[in-house]
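In what follows, a single structure is set out as structure tokens and then discussed.
The values are calculated or read from the model by the stated rules, or taken from the named source; none is laboratory data. Just so you know, these numbers come straight off a predicted model, no measurement behind them. For neighbour counting, all protein chains shown are included, and Cβ atoms are generated from backbone atoms with ideal geometry for every residue, glycine included.
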Amino acid sequence: MGVGVLAVCLALLDACGQQGSDPETALRQNLCDLPGARGALLPIELAAVGVSDAIGVNPHGVYLAESAGFGRLFRVPLMGGMKTQLADNLFYVQIRTGGDDAYLTTQGFAGAGSALYRITRAQALVTLDVDLKGANDLALTTTRLFVADGSTKAIYSYDRAGHGRKMVAENVSDPRLAVDGETLYYFASTTAGPAVFRLNGDGSSTVAWGGDLGRPARLLFSEGLLYAAGEGIRVYDLETHVATTISDGPGGIQELVRVGDRFYFTAGDNLGKLLRVPVSGGAPEILDEGLGWGGLATDGEAVYYDGGPDARVLCPAATAGMP
């Protein structure tokens, strides 16, 4: 492991035992609120859960999906501490959060199919759809939920309650999703080649960008620009049709988030790394290494990721240009 890890509830911080009797105050706090955490770039251990192949965070906690063993799903308070098991037998999980909501998709073994779930504010796991075959991406707007199914080569839309399933795209290979406000964009390999499509309000799709895409592992919209991560990170201005390389490597990028003026991403295999690079471009900086399978999430301030045997939090400075 390339850097040290600060365990939760060290002697300098008794905040884990002092989250207060006010549950709303505790709800708003996370480990980055602790003295000295912000900008230190010292990973903080959140919880020991084994390898977390998916991580999600909302105001109610951090959700960690165990990639091996019993396929368990845990919730951990934002301030760290005791983990609570919410479910098991969930494999190849992806988690997306928005507001108070958390959603996840799973894939079964040996073609056993996929399912879509919602985690309620009461921390109950509710089944929304079991009629999926191979969900491989998930995206949210304020009103809609989208699931890409790589096995059926289709993209499905639901309301945020998980109702009203509708197929909005078909015959799409290797689909990847991103949203800009209320608009869905999706990457797909088609007979005409790889392209990014925009889902229009009338349900039709139009090409937003064609060619020069490769096979991105993740799409991300930020400030009106589309970022695609895979063997590197590229930015696409869909208005001017100009593409720019942010970073040429390393390859094998798994997850990508933005905090302030930097991207944070995981790359590699089961000995992967957490890296960051300026949004304006530059050489990637390794922040942690010897990691697990690449789970990564942000609440807009803290960066939560898979540290291998534990889940970790990184607290970059909130001000642009700071460490």
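If the Cβ limit is 6 Å and pairs must be 6+ apart or interchain, which residue in segment 93-108 that is under 19 Å from residue 299 (Cα atoms) pairs with which residue that is in a loop (DSSP other than H, G, I, E, B) and among the hydrophobic types (A, V, I, L, M, F, W, C)? From segment 93-108, the pairs are 104/93. So, residue 272, is that one surrounded by fewer than 20 Cβ atoms within 10 Å (Cβ to Cβ) and among the small types (Gly, Ala, Ser) or not? In short, no.
Of everything in segment 44-62 that is in contact with a Leu (Cβ under 6 Å, 6 or more places away or on another chain) and at pLDDT below 75, the residue that is farthest from residue 292 (Cα to Cα) is 49. Among the residues of segment 144-191, those that are outside any strand (DSSP E or B), of a type in the set (Gly, Ala, Ser) and loosely packed, with under 15 Cβ neighbours inside 10 Å comprise 151, 161, 164, 181. Residue-level analysis places residue 120 outside the set of residues that are out of contact with any strand residue (DSSP E or B) (no Cβ under 7 Å at 6 or more places or on another chain) and either among the hydroxyl-bearing types (Ser, Thr, Tyr) or under 21 Å from residue 55 (Cα atoms) (or both). Consider segment 53-105 and keep the residues that are aromatic (Phe, Trp, Tyr) and surrounded by 23 or more Cβ atoms within 10 Å (Cβ to Cβ). The one that is farthest from residue 179 (Cα to Cα) is 63. The condition of being modelled with pLDDT of 90 or more, touching a His at 6+ places or on another chain (Cβ under 9 Å) and among the hydrophobic types (A, V, I, L, M, F, W, C) holds for only one of 128, 140, 73, that being 128. Could you grab me the full set of residues in segment 209-235 that are outside any loop (DSSP other than H, G, I, E, B) and surrounded by fewer than 20 Cβ atoms within 10 Å (Cβ to Cβ)? 210, 221, 222, 225, 235, listed by residue number. Can you find a residue in segment 301-316 that is within 24 Å of residue 36 (Cβ to Cβ), buried (at least 20 other Cβ atoms within 10 Å of the Cβ), modelled with pLDDT of 85 or more and among the aromatic types (Phe, Trp, Tyr)? Yes, that holds for at least one residue.
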